[in-house]
Structure formats: C-alpha cells, structure tokens
1. To the nearest 10 square angstrom, how much accessible area does Ile84 have with a 1.4 angstrom probe?
2. Just to be sure I understand: if I project the alpha-carbon convex hull of the chain onto a plane and average over all orientations, what area do I get in nm²?
3. Between their Cα atoms, which of Lys170/Lys208; Lys14/Lys170; Lys24/Lys179; Lys14/Lys179; Lys48/Lys170; Lys48/Lys208 are more than 25 Å away from each other?
4. Long-range amide H contacts for Gly97: which residues qualify at under 5 Å (H placed 1.01 Å from N, peptide plane, sequence gap of 5 or more or a different chain)?
5. Name the residue from Ser243, Gly205, Pro215 whose Cα lies farthest towards the positive end of the charge dipole of the range 201-255, charges +1 on Cβ of Lys and Arg and -1 on Cβ of Asp and Glu.
6. Per q in 0.22, 0.24 Å⁻¹, report the Debye log10 I(q)/I(0) for the range 148-229, using one uniform scatterer on each alpha carbon and no solvent.
7. With a cut-off of at most 15 other beta carbons within 10 Å, and DSSP calling the residue loop, which GluC sites (Glu not before Pro) in the range 46-137 qualify? Please list them.
8. Express the carbon and sulfur contribution to the solvent-accessible surface of the chain as a percent, rounded to the nearest whole number, probe 1.4 angstrom.
Amino acid sequence: MHALGIDIGGSGIKAAPVDVATGKLLADRQKLDTPQPARPGPIADIVKNLTNSFAWSGPVGITFPGVVIEGVTRTAANLDPAWIGLDAGELFGEAAGNPVRVLNDADAAGVAEMTFGAGVGELGTVLMVTFGTGIGSALFTAGILVPNTEFGHIEIRGRDAEDRASERAKEERDQSWDKWAGHVDEYLQHLEALLSPNLIIVGGGISKQADKWVPRLTGIRARIVPAVLLNEAGIVGAAMATSSRAVPDTSGRSGTGHERIALT
Ligand code: BGC
C-alpha cells in the first residue's frame, strides 16, 4: 500500500510517497516554503504542486498544525486564522485531485514513531512532544492514539507553554541550550504530573541535536528518548493515516467499539 504524505508546517511543506507497510519513503522528499501569510488558498496551491510533481494518483495524507476533526481544521495557532472552521479535507481533496485524509501534525509524527521509530513495542502511556514553531503532542496507551491533544498550550507561569519552550522561542530569544532546556524540563514536569507517562518521545527538528539538551532534562522520572524518524515522521504518519487503523476516527460516532480500536 503506497500513499503520498504531505507535512504542513509553519515554515515548510514537505512531501514524499511512502510505503505504509514499511514506513520507507519511495522517492526523495520535496520541500517548499510555507507561503506567508499562511492562508488556505496558497497552501492548497502548494498541495497541488507537490501532488503533481510526484505525478501522484492514489491516497494522500496531509498533516496540519492544529486540531483537525473529520477534516475540519478547528484551530490554527501558527497559521492564518482563516483556517478555523474550514473544511480542509474538501479544499485539499480538490487541490490534490485524489482522496485525502487530514490530521494533526504531532498525531501523525507520533503514529509514525510508535509504528516504526522510538515507540515500537511500547504498551504503556507514551507521550510524544514535538518542538518546532509550536509545541505539538500525541498521547498513546496500549499503542492507541488519543487524537488532538493540545498540550503545547497548557499555561506555565501565566504563559502559553509553546511561547516559552518551543524551538522558535529558543531562536527568537537566542537562548543557550542550558536556559532553553530549563524551560523544557519545567514544561515536561508539568505534563508528567498530569499524565504519568512511561515514555516521553521528543521530536521536531531540534531533536536532531538531542545530545545538546535531552541530557539536561533532569527533573523527569519517565524515560525520555529522541524521535528517530526526525524530518520524515510527519510525512510517514500522514501517509499511514490514509489506511491504518492506528489513526482513530475523530467523528465521535458511536458503535460497538470494536471498529475503532487500533490493532496495527
Ligand atoms: C498547535 C498544534 C500543533 C503544534 C505543532 C501548536 O501550536 O496548536 O496543533 O500540533 O503547534 O505544530
């Protein structure tokens, strides 16, 4: 089963075709700058360009840096507010000319890490936290995702956590690793107090330099490991969302329950 994965971020939009059974990219990934302002129309044009540039015909999975419920984008902390309440599934479906599934970016990265990366075989409570323009989160237990957690927006010292502890916060304030890691440590301590994870996977671009900051996270009881799929996690998770039951339904439908349990 092959699908095109497209990962929409605050600064770049990346895409590649993926073999969803192995998590391997089937071609070099392509990256285009996120248009500024990051409004729906220009981003849909990029989705169209990327789909065409791979001459893609087949399912397309697309990540979005906000809450996504049944294809509708409900928040957009780091993109244009025009996304709020928009049917992104419909917009991107037309742009891509193929069936699409849209999901939260951190959820996609988390599902990819649980299946092919740092979370393989972890049955306890696993918290994936991505540090980038914002802070994203994905929460699992028994390998099952609770979609659309937004732990980047808990309040710490009267401020949104991602304003203090995202990669962007470090860059904008030109903070040392020590200072920034202190903010991350404090943030993760709050999450640990609320969720008691067994494992915390830290992802996002800055996890490439995990050796500079992960050893400084001394206040956490849970095991902490860097993500292993790095730049590819969002693309792989997006592609997986087109077919895998690892990405639960967000419609709130009722039923026997069996049809919604992820067993991948
Ligand atoms: C958004 C999340 C997203 C995260 C990382 C946050 O600002 O609210 O939905 O996962 O940024 O992009």
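The values are calculated or read from the model by the stated rules, or taken from the named source; none is laboratory data. Nothing here was measured: the structure is a model prediction, and the numbers come from that model. Backbone-built Cβ (ideal geometry, glycine too); neighbour counts: all protein chains shown. The protein model used for the area step is the full one, side chains on, heavy atoms only, and it has no ligands, DNA or RNA in it. Shrake-Rupley method; radii C 1.70, N 1.55, O 1.52, S 1.80 Å.
1. Here the residue's solvent-accessible area equals roughly 100 Å².
2. 13.3 nm²
3. Lys24/Lys179; Lys14/Lys179; Lys48/Lys170; Lys48/Lys208, as the Cα separations exceed 25 Å there.
4. It is none; the list stays empty.
5. Looking along the dipole axis, the top candidate is Pro215.
6. These q points yield log10 I(q)/I(0) values of -1.16, -1.39.
7. Sites meeting the loop and neighbour criteria: Glu70.
8. After summing per-atom areas, the C and S share lands at 49 percent.
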